[in-house]
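Trainee: Below you will find the structure I want to go over with you.
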Amino acid sequence: MNGIRRPRLALMLATFAFAFAGLSVSSAATAAGGTLDLTMETHAAFFSAETKQPKPLDPQVFVRDAKAQAGTGPQGIEHAAGFRPALISESPKTPLFNAQGKPLGFPLGKWLGARGKVHVAADGHTVTVRLTGLRPKGTYSLFENHFDQQPIGFTPLDGSGKTNTFVARNDGKATVTVKAPETMTHANAVLLVYHSDHQAHGTSRGQIGVNAHHELIARIP
């Protein structure tokens with residue numbers, strides 16, 4: 001019996017040692033690689049997937065449609081008659097408007113063509129966002145989603161609304177670094193808001209669909 005048990009015991013000890021070593025390596029890698037790099041996606045795609053829209057759309061920018069009646073869109077935004085939320089599948093050349101029918105000054109392709117990268121430093125607070133394809137000289141703000149709140153909450157990414165608003169360069173690019181007040185988790189996302197009135201709104205995003213429009217988002221994994 002002992003001749004049978006010893007090999008089994010040795011195998012068990014070896015397996016435990018291997019698992020412990022693997023755990024140590026994994027922990028060390030996690031500790032050493034505390035930074036986080038994310039690719040932003042359009043808010044239109046994120047919203048459509050989260051809410052399972054039959055036709056992917058952007059609930060915060062609108063297109064002209066003579067048949068559309070005044071009403072409330074899928075995100076609770078009231079829009080004027082003759083306008084409806086833009087479908088992602090529409091022509092990139094389709095002009096965009098706000099919910100009240102005011103021209104935004106660029107087409108759908110430009111709006112959906114923005115790109116962004118998010119880097120969260122090892123401290124979990126310092127967030128750097130690199131953006132391209134923005135509207136030249138456009139006014140933008142970075143906000144933080146709070147998915148653990150009902151309804152979903154939104155606060156300035158810097159916590160105060162003092163350093164989260166910026167103006168894109170002439171080439172449509174921007175790099176912004178802010179310090180989030182608390183460590184970001186999966187309950188949060190980094191959100192890019194475009195201000196079509198060219199004004200900062202402090203701790204508020206503005207009037208959604210009218211002078212404030214969610215463009216890009218990256219949820220923390």
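Conditions tested, residue by residue: (1) at pLDDT 95 or above; (2) not aliphatic (A, V, I, L, M).
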site	(1), (2)
Ala99	yes, no
Pro103	yes, yes
Phe106	yes, yes
Leu112	yes, no
Gly124	no, yes
Arg130	yes, yes
His146	yes, yes
Gln149	yes, yes
Pro156	yes, yes
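Trainee: Looking only at the stretch 145-181, how many residues end up being within 18 Å of Ile217 (Cα to Cα), in contact with a Pro (Cβ under 7 Å, 6 or more places away or on another chain) and touching a residue at least 24 places away in the same chain (Cβ under 8 Å)?
Mentor: Final tally of qualifying residues: 2.
Trainee: A further question follows. Any idea how many residues of the stretch 113-134 are surrounded by fewer than 20 Cβ atoms within 10 Å (Cβ to Cβ) and within 19 Å of His213 (Cβ to Cβ)?
Mentor: Total satisfying the criteria: 4.
Trainee: Next up: Of the numbered conditions (1) farther than 16 Å from Gln75 by Cβ; (2) within 17 Å of the chain's Cα centre (by Cα); (3) in a loop (DSSP other than H, G, I, E, B), Thr177 fails exactly one; give the number of that condition.
Mentor: Here Thr177 clears every test but (3).
Trainee: Of all the residues that make up the stretch 182-216, how many are on the phi > 0 side of the Ramachandran plot and in contact (Cβ under 8 Å) with a residue 24 or more places away in the chain? Even if it seems obvious, please write down each step before you answer.
Mentor: So in the stretch 182-216, the residues on the phi > 0 side of the Ramachandran plot come out as 198, 202, 206, 209.
Filter again for in contact (Cβ under 8 Å) with a residue 24 or more places away in the chain, leaving 198, 202, 209.
The qualifying residues number 3.
Trainee: Can you tell me which residue within the stretch 153-171, out of those that are charged (D, E, K, R) and more than 9 Å from Leu142 (Cβ to Cβ), is surrounded by the most Cβ atoms within 10 Å (Cβ to Cβ)?
Mentor: Once the filter is applied, the top-ranked residue is Arg169.
Trainee: Sticking with this one: Could you tell me which residue of the stretch 158-188 is farthest from Ala121 (Cα to Cα), considering only residues that are at pLDDT 95 or above and β-branched (Val, Ile, Thr)?
Mentor: Val167
Trainee: A further question follows. Pairs under 6 Å by beta carbon, first residue in the same structural domain as Val190 (by TED's automatic domain parsing) and on the phi < 0 side of the Ramachandran plot in the stretch 119-131, partner among the hydroxyl-bearing types (Ser, Thr, Tyr) and assigned to a strand (DSSP E or B), six or more apart or different chains?
Mentor: If the second residue must be among the hydroxyl-bearing types (Ser, Thr, Tyr) and assigned to a strand (DSSP E or B), the pairs left are His119/Thr128; Thr128/Thr177; Arg130/Thr175.
The values are calculated or read from the model by the stated rules, or taken from the named source; none is laboratory data. Everything numeric in this text was worked out from a predicted model, so none of it was measured. Because the Cβ atoms are built from the backbone with ideal geometry, glycine has one as well, and the counts that use them run over all protein chains shown.
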